[in-house]
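Let me begin by presenting the structure, written as structure tokens, before commenting on it.
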Amino acid sequence: MPRIKIKEALELQPTPNINVKGWVRAFRSNRFIALNDGSYIHSIQIVLEDEKIPEEIVRKISIGAALSVKGALVESLGKGQKVEVLAEEIEVLGEANPEEVQKTILQPKKHSLEKLREQAHLRFRTNLFGAVFRIRHAMAFAIHNYFNKNGFYYLHTPIITGSDAEGAGEMFKVTNLPLENIPFNEEGKVDYSKDFFGKETNLTVSGQLEAELGAMALGQVYTFGPTFRAENSNTSRHLAEFWMIEPEVAFADLNDDMALSEDFMKYLIRYALENCKDDLAFLMQRELNEDKQKPKAQRNEMNLIERLEFIVTNDFERISYTEAIELLQRSKPYKKNKFKFPVEWGVDLASEHERFLVEKQFKKPVIIYDYPKEIKAFYMRNNDDGKTVAAMDVLFPGIGEIIGGSQREERLDVLKEKIKDFNIEEEHVWWYLDTRKFGTAPHAGFGLGFERLIMFVTGMTNIRDVIPFPRTPKNAEF
RNA sequence: GCUUCUUUAGCUCAGCUGGUUAGAGCACCUGACUGUUAAUCAGGGGGUCCAAGGUUCAAGUCCUUGAAGAAGCGCCA
């Protein structure tokens, strides 16, 4: 008798012989087992009849134990489920000592997210994290699906990089030099010629520059991989190791880029609505229960599924940076002096300003484009006004910046000028400049923070709860 | 990195202006229970009050420093 997944078993008509395997979530009245195998948010109920199962087996059944159960799938006499399994034979594959289980988050009670994070190796066993990580998988799958359907190629850019030009943040050094006996050169600096790669190397902060190289031949490419930032960021939406999706498209301008980002986000969210119904229903209910404990002002105006449907059915607002500044200067909080940070042309928008635009003014995703060139990266294309670059940020309610992108500077002379202004040495990016020498063309792309997407789709409010093993300052456990 | 808050039983928390033996619910253990689904009922065990130092006759409680966690800010995705 082959084992069948609990998700499938729950959809079957009654049948005399099935085998399910899973972990015990609850054992009530010495008679009812809730068994979960991760295939589904719901568990299946196993019923022990009379004295069919030997006492020494029953004694080993406790929360957390792994079981293989053979028996008949029958209509349930109880109210909580349609079908259940009358156990004929139970094999305890792995026991779980209750006194030790008690010290873990396996104990069947409500745990704080902080406590669950401390036991990240076990939190997969909870309904909440089961739902989150099934959705994380579905979103990764949908991303590949979207790009594949639209003629993009998945490009693997290096994780160890010799490029330090991106300027997206502090980098983690990669070395196998002996730290207790570092070789120095005549100038007293670290002699990287003796290092593994013969030069200074780091973990990547972005695959974009390499993705551009691919796009300038393959036409449309995307990266989807881990990214590393050694910033001392202590917030609920930053990780030192996170996953980023970076499409790059040849013969595209900023408008094409914005259109792609909107279509892409809508596709992913629609995919979740259509393919993760049960997990989303669970997460929505959980959020509603949490909200009941909160004062009205802090509750969500729409529930999780309503928020997702809203994204799919409404257009993103698009305004230029200049318009955004003017709008903020006409806003109530500005006039009442409620903003802590200055609002004037040339400064970067602070969280409070982005929040106002997204959550108060428009109440939907907002794309802000054409930023002052001084506050953006060297590779972004100069606009004709001489002041701005063809950059765009997609801001999502509750998350803030979820996507950052731009049309890239394709004109060799302008790019060289920009590189000089940003104090980057040309010989470090000779390979990047080559694409502008040999058949340069307009192109554009963006970066989507995968975990920020998962936060939005699941309604989780801390980024550490949407990645299995979060890497943050002072934390690299597991 | 900055600001604020938190740290007491396995978990979630209470513990007042410093004062005798530090409490509750859940969990755990023992027993009862053949339709439970946050099972229920009876009984029981369980504490380095985050760490170090200080003030005091007396510190879980006050002070200093540190650590860890959270929220917000900055950096960004």
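Within the range A:119-138, the residues that satisfy the criterion of being in contact (Cβ under 8 Å) with a residue 12 or more places away in the chain and not aliphatic (A, V, I, L, M) are A:Gln119, A:His121, A:Arg123, A:Phe124, A:Arg125, A:Thr126, A:Asn127, A:Phe129, A:Gly130, A:Phe133, A:Arg134, A:Arg136. The single residue among A:Lys70, A:Lys60, A:Lys79, A:Lys110 that is farther than 22 Å from A:Gly130 by Cβ and open to solvent by 100 Å² or more (accessible area, probe 1.4 Å) turns out to be A:Lys79. As an exercise: evaluate A:Ile305 against (1) touching a His at 6+ places or on another chain (Cβ under 9 Å); (2) over 19 Å from A:Asp257 (Cβ atoms); (3) modelled with pLDDT of 95 or more and give the number of the one condition it does not meet. So the condition that A:Ile305 fails would be (1). Restricting the range A:24-74 to residues that are free of Cβ contacts under 8 Å to residues at least 24 places away in the same chain and away from RNA strand B (no atom under 12 Å from the Cβ) leaves a set whose member that is nearest to A:Asn97 (Cα to Cα) is A:Glu56. Sort out which residues of the range A:350-407 are of a type in the set (D, E, K, R), in a loop (DSSP other than H, G, I, E, B) and farther than 24 Å from A:Ser331 by Cα, and write them in order of number. Answer for the range A:350-407, where residues must be of a type in the set (D, E, K, R), in a loop (DSSP other than H, G, I, E, B) and farther than 24 Å from A:Ser331 by Cα: A:Lys376, A:Arg381, A:Asp384, A:Asp385, A:Lys387.
For (1) assigned by TED's automatic domain parsing to the domain that holds A:Arg411; (2) within 27 Å of A:Met455 (Cα to Cα); (3) crowded, with 18+ Cβ neighbours inside 10 Å; (4) out of contact with any Pro (no Cβ under 6 Å at 6 or more places or on another chain), each residue gets a yes or a no:
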residue: A:Lys294; (1), (2), (3), (4): yes, yes, no, yes
residue: A:Thr322; (1), (2), (3), (4): yes, no, no, yes
residue: A:Lys336; (1), (2), (3), (4): yes, no, no, yes
residue: A:Tyr369; (1), (2), (3), (4): yes, yes, yes, yes
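If you check A:Phe152, A:Phe184, A:Phe141 for being surrounded by 17 or more Cβ atoms within 10 Å (Cβ to Cβ) and not basic (Lys, Arg), only one passes: A:Phe152. For the range A:188-232, the set of residues classified as within 13 Å of RNA strand B (Cβ to nearest atom) and basic (Lys, Arg) consists of A:Arg229 only. Considered as a group, the residues in the range A:338-350 that are in contact (Cβ under 8 Å) with a residue 12 or more places away in the chain and farther than 19 Å from A:Glu374 by Cα include one that is surrounded by the most Cβ atoms within 10 Å (Cβ to Cβ), and that residue is A:Phe339. What about A:Leu179, is it farther than 28 Å from A:Tyr267 by Cα and more than 14 Å from RNA strand B (Cβ to nearest atom)? Considered against the rule, which asks whether it is farther than 28 Å from A:Tyr267 by Cα and more than 14 Å from RNA strand B (Cβ to nearest atom), A:Leu179 comes out as yes.
Residues that are touching a helix residue (DSSP H, G or I) at 6+ places or on another chain (Cβ under 8 Å), under 22 Å from A:Ala140 (Cα atoms), in the same structural domain as A:Glu426 (by TED's automatic domain parsing) and polar (S, T, N, Q) occur in the range A:227-238; there is at least one.
Can you find even one residue in the range A:349-363 that is of a type in the set (Ser, Thr, Tyr) and more than 8 Å from RNA strand B (Cβ to nearest atom)?
Checking the range A:349-363: not a single residue is of a type in the set (Ser, Thr, Tyr) and more than 8 Å from RNA strand B (Cβ to nearest atom).
Taken as a whole, the condition of being assigned to a helix (DSSP H, G or I), farther than 30 Å from A:Gly207 by Cα and within 12 Å of RNA strand B (Cβ to nearest atom) does not apply to A:Leu77.
For A:Lys360, the test of being closer than 30 Å to A:Thr435 by Cα and either open to solvent by 20 Å² or more (accessible area, probe 1.4 Å) or assigned by TED's automatic domain parsing to the domain that holds A:Glu425 (or both) is failed.
Mind checking which residues of the range A:440-476 are open to solvent by less than 50 Å² (accessible area, probe 1.4 Å) and more than 15 Å from the chain's Cα centre (by Cα)? Correct list: A:Ala441, A:His443, A:Ala444, A:Gly445, A:Phe446, A:Pro473. Residue count for the range A:397-416 satisfying the condition of being open to solvent by 40 Å² or more (accessible area, probe 1.4 Å) and either at pLDDT 95 or above or hydrophobic (A, V, I, L, M, F, W, C) (or both): 4.
Of all the criteria given as (1) outside the structural domain of A:Phe242 (by TED's automatic domain parsing); (2) closer than 30 Å to A:Thr201 by Cα; (3) of a type in the set (Gly, Ala, Ser), the one not satisfied by A:Ala140 is (1). Scan the range A:419-439 for residues that are touching a residue at least 40 places away in the same chain (Cβ under 8 Å) and open to solvent by 10 Å² or more (accessible area, probe 1.4 Å) and the total you get is 7.
When the range A:5-37 is filtered for residues that are surrounded by fewer than 17 Cβ atoms within 10 Å (Cβ to Cβ), modelled with pLDDT under 95 and within 17 Å of A:Leu93 (Cα to Cα), only A:Ala26 remains. The number of residues in the range A:88-109 being in a strand (DSSP E or B) and within 11 Å of RNA strand B (Cβ to nearest atom) comes to 0.
The values are calculated or read from the model by the stated rules, or taken from the named source; none is laboratory data. Please read all numbers here as calculations on a predicted model, not as lab measurements. FYI the Cβ positions are ideal-geometry reconstructions off the backbone, even for glycines, and counts take in every protein chain you see. Only protein heavy atoms, including side chains, enter the accessible area calculation; ligands, DNA and RNA are left aside. Shrake-Rupley method; radii C 1.70, N 1.55, O 1.52, S 1.80 Å.
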